[in-house]
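K.L.:
Shown below is the structure under consideration.
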Amino acid sequence: MRRRSLLLAVPAGLLTLAGCGDDKADKAKSKPSDSPTNSASAPPTAKIVDGPVPEITKGDKFGQKPTVAKGSGKPSSDLAVKTLIEGKGKEVAKGDYLQANYLGQIWATAKVFDNSYDRGNPTVFPIGVGKVIPGWDQALVGKKLDSRVELAIPPKMGYGEEGNKQAGIKGSDTLVFVVDLVDSFNAKSSAKGKEVAQSNKDLPKVGTNTDGKAPSIDVPKTDAPKKLVASYVLEGDGDVVKETDSLLCQYKGVLWADGKEFDSSYKSGQLAQFQLAQVVKGWAQGLTGKKVGSRVLIVIPPELGYGDQPPQGSPIKKDSTLVFCVDILAK
């Protein structure tokens, strides 16, 4: 199947806590309408109070999977927010992509309906802009990275009167979350890896600046390579990317033929979040095996890009060789 664009929009359901249960299954069937916050109406707001929240009985350190007691008595009708561990990192800003580990359970029963700890990977999502449940948007903006925060979220700030049947959440359920704030990213984020020599004169040379500005890409006056090229410009020290992963990236794309830019997250001011299965084969193959925190040069021959079917309205012509620099910020 031909992919219509290089970076397809990620369905909002993948960025919300509606995707409870099996991570892979949820990703496969999530659609924009799956999101409880995917609505034109203004999100609700609530008064923030400091409790009550249930006790953590096990795993009370940052990064540890917590065990949380059942709620005692009647929960607050307001949004209860308690900082259990005060981090020293930067404050989370509205519109950031927040990377966090979390566990969610129901106040009245202590039934755990979702947690990222067992998946072995923090979740990444936009915060403060209606892509997660309102209780998260309102409670986590302004908190510092490396903090652990516990939330008790009333129904109106969670999934509303409809609840979330897939997760076993009723419309009357107060939700309890423990959230570890791992990192955050914005339109000025860059890879921070170690510089790698770019000694092949027949390949484009990519800038190594890490100031959040778009790197330069200088395409040589030679014939384009016939095979896929994927090489480090900056080599990070994060996890190795797998073909099944979802990534958060900065990127810039130019044409080999004339060096002209045709796409850029730097120019749009918005980071790209996608599953590798959603992008052209050259991206999927080129980024698989690379480390998070890296800047990667990818040169994509036509058969791994768009071939003779380029996106309509794009400056990409038939059988174009594409050149990208990609900063892998998170997975």
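K.L.:
Taking interchain pairs and intrachain pairs at least six residues apart, which have beta carbon atoms under 7 angstrom, with the first residue in the range 163-191 and more than 30 Å from Gly236 (Cα to Cα) and the second of a type in the set (S, T, N, Q)?
P.N.:
Val176/Gln105
K.L.:
If we scan the range 278-286, do we find a residue that is in a helix (DSSP H, G or I) and at pLDDT below 95?
P.N.:
Yes: the range 278-286 contains one or more residues that are in a helix (DSSP H, G or I) and at pLDDT below 95.
K.L.:
From the list Thr109, Thr123, exactly one residue is surrounded by fewer than 19 Cβ atoms within 10 Å (Cβ to Cβ), in the same structural domain as Tyr159 (by TED's automatic domain parsing) and not charged (D, E, K, R). Which is it?
P.N.:
Going through Thr109, Thr123 in turn, just one is surrounded by fewer than 19 Cβ atoms within 10 Å (Cβ to Cβ), in the same structural domain as Tyr159 (by TED's automatic domain parsing) and not charged (D, E, K, R): Thr109.
K.L.:
Looking at Ser265, is it closer than 19 Å to Tyr97 by Cα and assigned by TED's automatic domain parsing to the domain that holds Thr321?
P.N.:
Criteria met by Ser265.
K.L.:
To continue, here is another question. Being crowded, with 20+ Cβ neighbours inside 10 Å and out of contact with any Ser or Thr (no Cβ under 8 Å at 6 or more places or on another chain) is the filter here; which residues of the range 294-315 pass it?
P.N.:
Ser294, Ile298, Leu304
K.L.:
In the range 62-78, what residues are assigned to a loop (DSSP other than H, G, I, E, B), in contact (Cβ under 8 Å) with a residue 60 or more places away in the chain and on the phi < 0 side of the Ramachandran plot?
P.N.:
Once the filter is applied, which keeps residues that are assigned to a loop (DSSP other than H, G, I, E, B), in contact (Cβ under 8 Å) with a residue 60 or more places away in the chain and on the phi < 0 side of the Ramachandran plot, the range 62-78 yields Phe62, Pro66, Gly71, Pro75, Ser76, Ser77, Asp78.
K.L.:
Here is a follow-up. Taking interchain pairs and intrachain pairs at least six residues apart, which have beta carbon atoms under 6 angstrom, with the first residue in the range 138-160 and of a type in the set (Phe, Trp, Tyr) and the second surrounded by fewer than 23 Cβ atoms within 10 Å (Cβ to Cβ) and in a loop (DSSP other than H, G, I, E, B)?
P.N.:
Qualifying pairs under 6 Å: Tyr159/Pro36.
K.L.:
Considering only the range 186-229, how many residues are small (Gly, Ala, Ser) and under 27 Å from Phe125 (Cβ atoms)?
P.N.:
Going through the range 186-229 one residue at a time, the tally reaches 7.
K.L.:
Can you name the residue in the range 34-50 that is closer than 22 Å to Phe113 by Cβ and either assigned to a strand (DSSP E or B) or not aliphatic (A, V, I, L, M) (or both) and, of all such residues, is modelled with the highest pLDDT?
P.N.:
Of everything passing the filter in the range 34-50, Pro44 is modelled with the highest pLDDT.
K.L.:
Here are Leu248, Leu255: which of them is in contact with a Lys or Arg (Cβ under 9 Å, 6 or more places away or on another chain), within 20 Å of Asp183 (Cα to Cα) and not assigned by TED's automatic domain parsing to the domain that holds Pro122?
P.N.:
Leu248
K.L.:
I'd like the full set of residues that are in a loop (DSSP other than H, G, I, E, B) and either among the acidic types (Asp, Glu) or farther than 23 Å from Gly168 by Cα (or both), limited to the range 79-119.
P.N.:
Glu86, Gly87, Lys88, Gly89, Lys90, Val92, Ala93, Lys94, Gly95, Asp96, Asp118
K.L.:
For residues that are of a type in the set (A, V, I, L, M, F, W, C) and either on the phi > 0 side of the Ramachandran plot or surrounded by fewer than 20 Cβ atoms within 10 Å (Cβ to Cβ) (or both), scanning just the range 126-144, find the one that is modelled with the highest pLDDT.
P.N.:
Here the residue is Val141.
K.L.:
Counting just the residues of the range 180-217 that are within 29 Å of the chain's Cα centre (by Cα) and of a type in the set (Asp, Glu), which one comes out surrounded by the fewest Cβ atoms within 10 Å (Cβ to Cβ)?
P.N.:
Result: Asp211.
The values are calculated or read from the model by the stated rules, or taken from the named source; none is laboratory data. As the structure is a computational prediction, the values presented were derived from the model and not from experiment. Heads up, the Cβs are rebuilt from the backbone with ideal geometry, glycines too, and the neighbour counts pull from every protein chain shown.
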